[in-house]
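**Student:** Just dropping this structure here.
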Amino acid sequence: EEQEEDVLRELRLFLRNVTERLSLDRRFKAFTKPVDIEEVPDYMLVIRKPMDLSTLLTNIDEQKYVTVGEFVSDADLIWQNALEYNPDSDPMDRHIRHRACALKDTVRAIIRDELDEDFERVCEEVKESR
Ligand SMILES: COC(=O)N1C[C@@H]2C[C@@H]3O[C@]2(Cc2nccnc23)C1
């Protein structure tokens, strides 16, 4: 119904704003596009559910997310995949793991600071009603 569409439109605006801010952060450059499987041929063998910031944005526009929780689950794949695929002690792996941890903390901080819990509750009710 109309009010539901208003809530989901506001959700998409919030999620686009969060995703765009993450994409502009230079620390998260490696997370902005899918890992290039030409460059990294074994990536898809190791990582079952690839995810990146550009794919999050596409998902938002395709109205995949009805709650912030669903969005955060996909956003978490980005840093979880990076920790899984880059586990070694060499400096490159440590560098991307440090950035993955920064991404995890930044997503959580933005949601804690900027998401009204009453708004998320309304989104959950829309989801249950479907
Ligand atoms: C989110 O990004 C990543 O998990 N990775 C892992 C890959 C291994 C290493 O860094 C990545 C890209 C790359 N390309 C060429 C040679 N080596 C690399 C980015």
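The values are calculated or read from the model by the stated rules, or taken from the named source; none is laboratory data. Nothing here was measured: the structure is a model prediction, and the numbers come from that model. Note that each Cβ is placed from the backbone with ideal geometry, even for glycine, and that neighbours are counted across all protein chains shown. Heads up: the accessible areas ignore ligands, DNA and RNA and are worked out on the full protein's heavy atoms, side chains in. Shrake-Rupley method; radii C 1.70, N 1.55, O 1.52, S 1.80 Å.
**Student:** Out of segment 24-83, which residues are among the aromatic types (Phe, Trp, Tyr) and over 30 Å from residue 126 (Cβ atoms)?
**Tutor:** Keep residues of segment 24-83 that are among the aromatic types (Phe, Trp, Tyr), which gives 28, 31, 43, 65, 71, 79.
43 - this is the single residue of segment 24-83 that is among the aromatic types (Phe, Trp, Tyr) and over 30 Å from residue 126 (Cβ atoms).
**Student:** Additional query: Which of the residues belonging to segment 35-91 are more than 11 Å from the ligand (Cβ to nearest atom), hydrophobic (A, V, I, L, M, F, W, C) and open to solvent by 80 Å² or more (accessible area, probe 1.4 Å)?
**Tutor:** Those that are more than 11 Å from the ligand (Cβ to nearest atom), hydrophobic (A, V, I, L, M, F, W, C) and open to solvent by 80 Å² or more (accessible area, probe 1.4 Å): 44, 45.
**Student:** Filter segment 33-69 for residues that are over 21 Å from residue 21 (Cα atoms) and not in a loop (DSSP other than H, G, I, E, B) and give the result. Working first, answer last.
**Tutor:** Pass one, segment 33-69, residues over 21 Å from residue 21 (Cα atoms): 36-49.
Hits for segment 33-69 are 43, 44, 45, 46.
**Student:** Of all residues in segment 112-123, which are surrounded by 14 or more Cβ atoms within 10 Å (Cβ to Cβ) and without any contact (Cβ under 8 Å) to a residue 60 or more places away in the chain?
**Tutor:** 120
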